[in-house]
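*Asks:* Input: one structure, supplied below.
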Amino acid sequence: MPSPRIIAIIPARYGSTRFPGKPLHPLAGNPLIQRVWERCMACGGLARVLIATD
């Protein structure tokens, strides 16, 4: 039996009412969404990492 393909989906809503523009807010020199994506890519075992935006 082949191993299942695991896909991560990162929700990134730009037009939030509490924190507009949160995905692009800098955190340690990089946009927050980039840091989240890099962490997902580093965890291994994922076939794909997708970012869902509004």
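*Asks:* Could you grab me the full set of residues in region 11-54 that are among the hydroxyl-bearing types (S, T, Y) and either surrounded by 11 or more Cβ atoms within 10 Å (Cβ to Cβ) or not in a loop (DSSP other than H, G, I, E, B) (or both)?
*Replies:* Taking region 11-54 first, the residues among the hydroxyl-bearing types (S, T, Y) are 14, 16-17, 53.
Residues satisfying the conditions are Y14, S16, T53.
*Asks:* Which pairs do you get when a residue that is farther than 11 Å from L46 by Cβ, found in region 1-18, comes within reach of a residue that is modelled with pLDDT of 90 or more and part of a loop (DSSP other than H, G, I, E, B), reach meaning Cβ atoms under 7 angstrom, with the pair 6+ apart or on two chains?
*Replies:* Y14/G21
*Asks:* Step by step: first the residues of region 1-10, then only those that are assigned to a loop (DSSP other than H, G, I, E, B) and hydrophobic (A, V, I, L, M, F, W, C), then the one that is modelled with the highest pLDDT. Which residue is that?
*Replies:* We begin by selecting, within region 1-10, every residue assigned to a loop (DSSP other than H, G, I, E, B); these are 1-6.
From what is left, the residues that are hydrophobic (A, V, I, L, M, F, W, C) are 1, 6.
Details: M1: 72, I6: 94.
So, considering only residues that are assigned to a loop (DSSP other than H, G, I, E, B) and hydrophobic (A, V, I, L, M, F, W, C), the one modelled with the highest pLDDT is I6.
The values are calculated or read from the model by the stated rules, or taken from the named source; none is laboratory data. Computed from a prediction, not measured in an experiment: that's the story for all the values here. Please note: Cβ atoms are built from the backbone with ideal geometry, for glycine as well, and neighbour counts cover all protein chains shown.
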